[in-house]
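Everything on this sheet refers to the single structure shown next.
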Amino acid sequence: MRLTVFVSGRGSNLKSILDYFNLNNKVEIKLIVTDNSLCKALDIAKQNNIPFYCIDKKNSEQGFEYLIELLKNEKVELIVLAGFLKLLSSSFVSNFKQRIINIHPALLPAFGGEGMYGINVHKAVFQSGDKISGATIHFVDETYDTGNIIAQEKVDISECKTPEEIAAKVLTIEHQLLPKVINDIVDGKIVIGN
Ligand code: GAR
């Protein structure tokens, strides 16, 4: 299956996908897309000789239009948002209906929405006093974190003393869940694009 992965930061979820599918040609990452040309995830793209494209923040609408053409020409079937923090254009979303998935570091619908990314999510979870958190994979629609949920994995955070400890526990779960969901999509156990 031909994939694109969108990233904004450190890229550990991108790495988990590359590691999982290493030496097996089930998935091919055709392109890495970012809105942050300085992000660490681009080093991973370069190390693995994967082409990348940076969306210009001042002309993001044009960037998304360009990507629609490019990804269609490349016959990309699945778009994975792995720590990508920019809202996609509605035109981009409607061109790839049910073909864009996102990983979120909490149990949606709780702790989602605009501004809820990275450590902000874990701070909110910590302040809530919840003893369980987790990761969610969902289809992407025009708003933040509201698309249909595909999979969730829970983790016990009752022993966590800081938001950073929660983040570390959830990240471990993310690195297992995201490649597994992609694998299930490739195997047809999870249906996309309908
Ligand atoms: C991950 O924890 C991901 O779930 C989160 O950003 C982190 C990216 O880490 N995404 C969001 O918060 C989206 N709302 P990574 O760059 O190391 O994969």
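Pairs linking a residue in the range 168-194 that is under 15 Å from residue 3 (Cα atoms) to a residue that is assigned to a helix (DSSP H, G or I), with Cβ atoms under 7 Å and 6 or more positions apart or on different chains, are 178/13; 178/16; 178/17; 179/16; 179/17; 179/20; 182/17; 192/185. Within the range 120-139, the set of residues being surrounded by fewer than 16 Cβ atoms within 10 Å (Cβ to Cβ) and more than 9 Å from the ligand (Cβ to nearest atom) comprises 127, 128, 129, 131, 132. Here is the figure for the range 144-154: residues that are assigned to a loop (DSSP other than H, G, I, E, B), in contact with a Leu (Cβ under 8 Å, 6 or more places away or on another chain) and either aromatic (Phe, Trp, Tyr) or more than 12 Å from the ligand (Cβ to nearest atom) (or both) total 1.
Residue-by-condition table, conditions (1) farther than 17 Å from residue 82 by Cα; (2) surrounded by 14 or more Cβ atoms within 10 Å (Cβ to Cβ); (3) hydrophobic (A, V, I, L, M, F, W, C):
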residue	(1), (2), (3)
147	no, yes, no
151	no, yes, yes
157	yes, yes, yes
164	yes, no, no
167	no, yes, yes
170	no, yes, yes
177	no, yes, yes
188	yes, no, no
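So which helices (runs of 4 or more DSSP H) are wholly in the range 1-113 and hold at least 1 residues that are away from the ligand (no atom under 15 Å from the Cβ) and touching a helix residue (DSSP H, G or I) at 6+ places or on another chain (Cβ under 7 Å)? Talk me through it step by step, then tell me what you get.
Details: elements: 12-20, 41-47, 60-73, 90-95.
Here the list reads 60-73, 90-95.
Go through the range 155-191 residue by residue and tally those that are farther than 30 Å from residue 64 by Cα, away from the ligand (no atom under 12 Å from the Cβ) and either touching an Asp or Glu at 6+ places or on another chain (Cβ under 6 Å) or among the small types (Gly, Ala, Ser) (or both). Residues meeting the conditions: 1. Scanning the range 21-67 for residues that are over 20 Å from residue 92 (Cα atoms) and surrounded by 16 or more Cβ atoms within 10 Å (Cβ to Cβ) yields 21, 27, 39, 41, 42, 44, 45, 50.
The numbers here are math on the coordinates, done by the rules we state, and not lab data. What you are looking at is a predicted structure, and each value in this text was computed from that prediction instead of being measured. FYI the Cβ positions are ideal-geometry reconstructions off the backbone, even for glycines, and counts take in every protein chain you see.
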